[in-house]
Amino acid sequence: MTSERTINQVIEQIEGDRDWLVGIVRDLVRIPTVNPKFERDEDLNREDQCQQLVGNLLADANMAVSTAEAFPNRPNVVGRLDGEDGNSLAINGHIDVVPSGDVDAWTTGPFEAAVRDGRIYGRGSYDMKGGLGAAIGAVRALAACGIELAGRLEIHSVVDEEAGGFGTRALLQGVPRTTAVIVAEPTQTDVMVCQPGLEWVRVTLRGLSAHAGWRYNDIYPQPQGPDRTRPGVNAAELATRFIDAIAHLERSWGKRKFHPLLPPGITTISPSVVHAGVGMGPNGLPTSVTNPATTPDVATIDFDLKYLPTETSEQVRREFEDFVHHWAMMDPWLREHPPRVQWDLYGLHFPEFNTDPDGPLVRSILRQSARHGLPGRVTGFPAVCDGAFYEGADPVIFGPCGADAHGVDEWVDIDSLIGVAKVMAVTAIEHCGVAQ
Ligand SMILES: [Zn+2]
């Protein structure tokens, strides 16, 4: 049993390390780690340099550090304090960030990490180098107080969350899982115990190309010659009809699919990328998109589809495909030329998770949050994060306060960083136990 004295010692250590923790979060923000899938620029794509810093900080906290590239020059870093599998805990944080957007609109440079009014400003300060920094602060305090945990504690510092979670997916390949996971994404110190599943799905509709000049035959059908004035079937218009039909499905999902911890209407099916043109290219997109004089015979619509934490990917895929099938059966052309549904677009798929809100890890975080004056509501994460990939580990999302993730003047609140570090340190002690 851990004495109250030990716990107080850890908390005092973190309080005393306040300036150090602010310093390391600023150092992490100052190394631009823009995901190269969004913006390619050597000066901005410095994930390897940032991970080197993370590795050094974890080594300073007595962790065994291992590094493995998820992609060339884009390493994941794992810090490990060895211990039993039974009460093991991992804390996950991603270091990649989205581009700064309009740099001139920022009050101070996105990678300056300026401190104003008890906040650190900068791209990635809130999403989510702040949370990762707090986790590092927590293990540093355990080391400084000479606490040896019984269960294994790991820090997973990953790349490529923003572009689909491929960093965490690579990290988890073939490694023994921990029994519990905290993802340190910013949550305003709420404890988020579930998240929707996310699918990217492409629907391809095929029409019939023709000279756009024969379209009058669609308006006033007229006697036709052998093949002179056949108007074709416009795939762009099939796409607009399909998008309209999906909007009805989305509304019906919104009326009947609910989760108590998520906003109503969360099961969205957003038509986000639409292409129409002539000829099917080898990449699944129309080959010719610059000639309005030809009726398009190919249209593709890429949807961002969310489903409830209580549903499974298989159920939702079947439901969507059934809808597409019945919609197509109502149209003579589409009945003969059914739409094609393609899942795992660009390899993206975030499984749902639905962790018990009364589980021991959640209760431990809530208890510590109350002790340190953090609001700590139990709720759900309305977006998706890397917790999705820790299958079987009951992930929980918990991190600092701030605002403007992915926006201009992103910031993280310094007091909440210190609070989150304290909660993480004591929760690790409670979950992993102390070695006898
Ligand atoms: Zn994030």
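At a glance:
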| item | result |
| --- | --- |
| Amide H contacts under 5 Å for A70, placed H, 5+ residues apart | N76 |
| Ratio of the Cα radius of gyration of the stretch 197-349 to 2.2 N^0.38 Å, where N counts its residues | 1.19 |
| Trypsin sites (Lys or Arg not before Pro) restricted to the stretch 321-413 and DSSP loop, no more than 16 other C-beta within 10 Å | R377 |
| Under-5 Å amide H pairs with C385, H placed in peptide plane, nonlocal only | none |
| Accessible solvent surface per residue of the stretch 197-349, calculated while the other protein chains remain in place, 1.4 angstrom probe, Å² | 54 Å² |
| Unit charges at the beta carbon, dipole of the chain: most positive-side option, P360, T268, H211 | H211 |
| Selection from I31, V324, L81, by position along the positive dipole direction of the chain (Cβ) | V324 |
| Cα centre as origin, Lys/Arg/Asp/Glu Cβ charges: the chain dipole, Debye | 860 debye |
| Carbon/sulfur fraction of accessible area - the chain, other protein chains in place, 1.4 Å, % | 51 percent |
| Over 40 Å [Cα-Cα, the chain], rounded percent | 29 percent |
| Cα long-axis angle, helix 313-329 against the chain (0 to 90 degrees, to the nearest 10) | 10 degrees |
| Rough spin-label spacing in nm, given labels placed 7 Å along Cα→Cβ, for E15 and A403 | 2.9 nm |
| Set of lysines near K257 by C-alpha distance (under 27 Å), chain-local residues within fewer than 8 positions excluded | K306 |
| Label-point separation in nm, Q49 to R367, each point 7 Å along Cα→Cβ | 4.4 nm |
| Between 0 and 90°, nearest 10: helix 360-371 axis offset from the chain longest Cα axis | 60 degrees |
| In nm, spacing of pseudo-spin labels at Q173 and R230 (7 Å Cα→C-beta vector) | 4.8 nm |
| Accessible area of the stretch 1-126 divided out per residue, in Å², using a probe of 1.4 angstrom | 48 Å² |
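The values are calculated or read from the model by the stated rules, or taken from the named source; none is laboratory data. Just so it is clear, the structure is predicted and the values come from calculations on it, not from any experiment. Neighbour counts run over all protein chains shown; Cβ positions are idealised from the backbone, glycine included. Side chains are part of the model used for accessible areas, which takes the heavy atoms of the whole protein and leaves out ligands, DNA and RNA. Shrake-Rupley method; radii C 1.70, N 1.55, O 1.52, S 1.80 Å.
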